[in-house]
Amino acid sequence: MIDLTLEQLTAATPPNTPWFGLDLGEATFGVATSDLSRMIASPLELIRKVKFTEDAGRLLKLMDARGASGLVIGLP
């Protein structure tokens, strides 16, 4: 597991690339994406949990399509 502060994540990712945010739930997880300045996040998709490899594959496809360089996971 990689655990970085936001400052460390900023330094580790290319500038002007969006980050994704995850809101993890029991049966679903919400996916949001930031703008290129990483100041505003907007909802993107709700993924219903099926199987870890399928769920992770869907998330990676979304990140690749948007050129996302980082992932922030929300805590309850």
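The values are calculated or read from the model by the stated rules, or taken from the named source; none is laboratory data. Worth saying up front: this structure is predicted, and the values here are computed from it rather than measured. Don't worry about glycine lacking a Cβ; one is built from the backbone with ideal geometry, like all the others, and counts go over all protein chains shown.
Can you say whether Thr17 is among the β-branched types (Val, Ile, Thr), part of a loop (DSSP other than H, G, I, E, B) and out of contact with any strand residue (DSSP E or B) (no Cβ under 6 Å at 6 or more places or on another chain), as far as the supplied structure shows?
yes
Which is within 14 Å of the chain's Cα centre (by Cα), assigned to a loop (DSSP other than H, G, I, E, B) and at pLDDT 95 or above, of Leu59, Leu36?
Leu36
How many residues, within segment 21-73, are exposed (fewer than 14 other Cβ atoms within 10 Å of the Cβ) and on the phi > 0 side of the Ramachandran plot?
So the count comes out to 1.
Hey, could you check segment 39-56 for residues that are outside any strand (DSSP E or B) and of a type in the set (Asp, Glu) and say which is farthest from Leu22 (Cα to Cα)?
Top of the filtered list is Glu54.
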